[in-house]
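The structure appears right after this line, and notes come after that.
Laboratory data are not the source of any read-out in this text; all were calculated from the coordinates shown. Model, not experiment: these values are computed from the prediction. Every residue, glycine as well, gets a Cβ built from its backbone with ideal geometry; the counts of neighbours run over all protein chains shown.
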Amino acid sequence: MKTLGGNSARIRLPSLLKWLDRVLAKTFLYQGSKLMAWISGVLILVVILITIVDVVTRGTPLVSPWGTGGFELTELFMTQLSCLGWIWTWYAGGHVRIELVLSRAYPRVKAILGALTCSLGIFWFSLTSWALAKVMISSMNMGSATDALEIPLWPFQLVLMIVFGLFSLALLRSLVSYINKICGHSVEPWTIDIRDTRTNDT
């Protein structure tokens, strides 16, 4: 134990780590993923509105406010809304997996497969986030933009880079929980796929 700030109160390291875990993993990643999923839903409505306006005003004097660039706005927003819900979908158990096999597996076997999935996901998402960072820097230097509306591409690439990086962090936290399950310990239900929290028995 160590005294902090010269006070007589002492804080045990495990308690501090648990607090950091709740702040970073539960509040920042878990709750933050809900916010990103909500933003994704708003973007879906925006894309629908853009499409409706384009269709209604097409071939009429009432040209849409963005002229002929509606398809560019749709393309840009589609890239955002398609990834902003990934992390929450992971926690909510929405990603595709072979339930016919996993439903018959022992909890420890399911935890091993979950750990393997997280390991592969961490590798892929972190590598992709790094690649997107390089693409974003290149876009900024070259001034890349859409053809019709000349919207800069780098802000949208930045969002993708951040989402991929956050997903790799969420999977890293899930990996720790799956390893705990393999060792026979209980885990926090908000750290892994909800389908694997139905039982902590091993």
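Each of Ala105, Met140, Leu24 was placed along the dipole of the range 2-196 (beta-carbon charges, centred on the mean Cα), and the one lying farthest toward the positive end is Ala105.
Per-residue Cβ neighbour counts within 10 Å put Tyr106, Tyr91 in the sequence Tyr106, Tyr91, beginning with the fewest.
For the chain, the relative contact order is 24 percent, taking Cα pairs closer than 8 Å that sit 6 or more residues apart in sequence and dividing their mean separation by the residue count. Computed extension length for Thr128-Val101: 6.8 nm, one decimal, from 0.36 nm per residue of separation with the Cα-Cα distance subtracted.
What number, rounded to the nearest 500 deg cm²/dmol, is the helix-based mean residue ellipticity at 222 nm of the chain, given -39500 (n - 2.57) per DSSP H run of at least four residues and division by all its residues?
-21000 deg cm²/dmol
Please compute the net charge surrounding Phe71, taking Lys and Arg as +1 and Asp and Glu as -1 over other residues with Cβ under 15 Å from its Cβ. Net of charged neighbours comes to -4. When the alpha carbon coordinates of the chain are projected onto the principal axes, the ranges are 71, 54, 27 Å, largest first. Between the Cα long axis of helix 70-84 and the first principal axis of the chain there is an angle of about 0°, rounded to the nearest 10. Arranged from fewest to most other beta-carbon atoms within 10 Å of their beta carbon, Trp19, Trp90, Trp154 become Trp19, Trp154, Trp90. Approximating the spin labels as points 7 Å out from Cα along Cα→Cβ, the Ile44-to-Thr60 distance works out to 2.7 nm.
First select every other residue whose beta carbon is under 12 angstrom from the beta carbon of Arg97; then total the charges, Lys and Arg +1, Asp and Glu -1.
Value of the local net charge: -1.
As an exercise, use a Förster radius of 45 Å and the Cβ-Cβ distance of Thr68 and Thr27 to find the FRET efficiency, rounded to the nearest 0.05. Plugging the Cβ-Cβ distance into 1/(1 + (r/R0)^6) gives 0.55. Here's the picture: charge each Lys and Arg Cβ at +1 and each Asp and Glu Cβ at -1 in the chain, and of Tyr178, Gly85, Val42 the one pushed furthest to the positive end of that dipole is Tyr178. Extending 7 Å from Cα along the Cβ direction at Met142 and again at Leu116 yields two label points whose distance is 3.9 nm. The longest stretch of the chain left intact once loop-based trypsin sites (Lys or Arg not before Pro) with at most 11 other Cβ atoms within 10 Å are removed from consideration, loops following DSSP, is 105-197. Seen against the Cα atoms of the chain and their longest principal axis, helix 154-182 is set at about 20 degrees. Simple point charges give the picture: +1 on the Cβ of Lys and Arg, -1 on the Cβ of Asp and Glu, and for the range 2-196 a dipole about the Cα centre of about 1280 debye.
Counting neighbouring beta carbons within 10 Å and listing from fewest to most, the residues Asp196, Asp147 come out as Asp147, Asp196.
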